[in-house]
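Student: The structure under discussion is supplied below as structure tokens; questions concerning it will follow.
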Number of protein chains: 2
Amino acid sequence: MPKASIKSLFGIALRALREERGYSQEELAERAGLHRNYVGSVERGERNVALENIVKLAGALSIRSKDLFDSLP
Amino acid sequence: MPKASIKSLFGIALRALREERGYSQEELAERAGLHRNYVGSVERGERNVALENIVKLAGALSIRSKDLFDSLP
């Protein structure tokens with residue numbers, strides 16, 4: 001079985017941090033200036049998220065971007 | 001004057017870490033499995049680098065991906 005992909009690890013981390021704050025996907029998306037469907041697809045590990053959106057998502061969670069990488073290699 | 005972009009901050013960080021290790025852009029690119037021209041454009045702040053390449057670049061530098069984000073918000 002393949003190990004969890006980078007995209008999946010990031011999505012799992014994003015979801016955990018979002019839920020920790022009690023935000024819905026829609027609330028997080030609005031705070032980040034992104035679309036709710038996009039946030040959902042990131043959390044499902046479907047997106048190879050790039051720098052600018054990583055920083056937007058971190059800002060919406062009031063964390064540093066590096067904190068989204070704690071579970072990544 | 002606009003502040004440094006996210007892409008530029010990442011590029012500056014990548015270059016500093018690469019030079020710290022004494023790698024040329026070509027050596028880093030080869031270690032990461034990426035093209036030398038791509039690494040150059042990342043360092044110049046021209047690329048909105050995504051998760052999978054962030055992890056490849058970090059691996060090529062023998063660091064964690066989060067260490068590339070120390071200077072980013």
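Read the figures in this text as sums done on the coordinates, not as results from a lab. Computed from a predicted structure; not experimentally measured. Ideal geometry is used to build each Cβ from the backbone, glycine not excepted, and the neighbour counts take in all protein chains shown.
Student: Please compute the net charge surrounding B:Ala16, taking Lys and Arg as +1 and Asp and Glu as -1 over other residues with Cβ under 13 Å from its Cβ.
Tutor: Combined, the nearby Lys, Arg, Asp and Glu give -2.
Student: For a protection proxy built on the mean count of beta-carbon atoms within 10 angstrom, sort B:23-33, B:39-49 highest first, please.
Tutor: Averaged packing, sorted descending, gives the order B:39-49, B:23-33.
Student: In the protein assembly as shown, what is the volume of the convex hull around the alpha carbon atoms, normalised per residue and reported in Å³?
Tutor: Each residue corresponds to 114 Å³ of Cα convex hull volume.
Student: Take each uninterrupted DSSP H stretch in chain B, measure its Cα extent along the helix axis, and return the ones at 15 Å or beyond whose mean Kyte-Doolittle hydropathy is at least -1.0.
Tutor: Helices passing the filter in chain B: B:6-21.
Student: Counting only other chains, what is the mean number of Cβ atoms within 10 angstrom of the Cβ of each residue in peptide B:45-57?
Tutor: Partner Cβ neighbours, averaged per residue: 5.
Student: In deg cm²/dmol, rounded to 500, what helix-only [θ] at 222 nm does the protein assembly as shown give when every DSSP H run of at least 4 residues adds -39500 (n - 2.57) and the total is split over its residues?
Tutor: Mean residue ellipticity, 222 nm, calculated: -17000 deg cm²/dmol.
Student: What is the P(r) of chain A, as percent of Cα-Cα pairs per 10 Å bin from 0?
Tutor: Spelled out per bin, shortest first, that is 21, 61, 15, 2.
Student: If you take each beta carbon of peptide A:9-15 and count the beta carbons of other chains within 10 angstrom, what is the mean?
Tutor: That average works out to 1.
Student: Cβ under 12 Å from B:Phe69's Cβ, B:Phe69 left aside: what net charge do those residues give with Lys, Arg +1 and Asp, Glu -1?
Tutor: Residues near B:Phe69 contribute 0 overall.
Student: Could you work out how far the C-alpha centroid of the range A:39-61 sits from that of the range A:2-37, in angstrom?
Tutor: Each part's Cα centre sits 7 Å from the other's.
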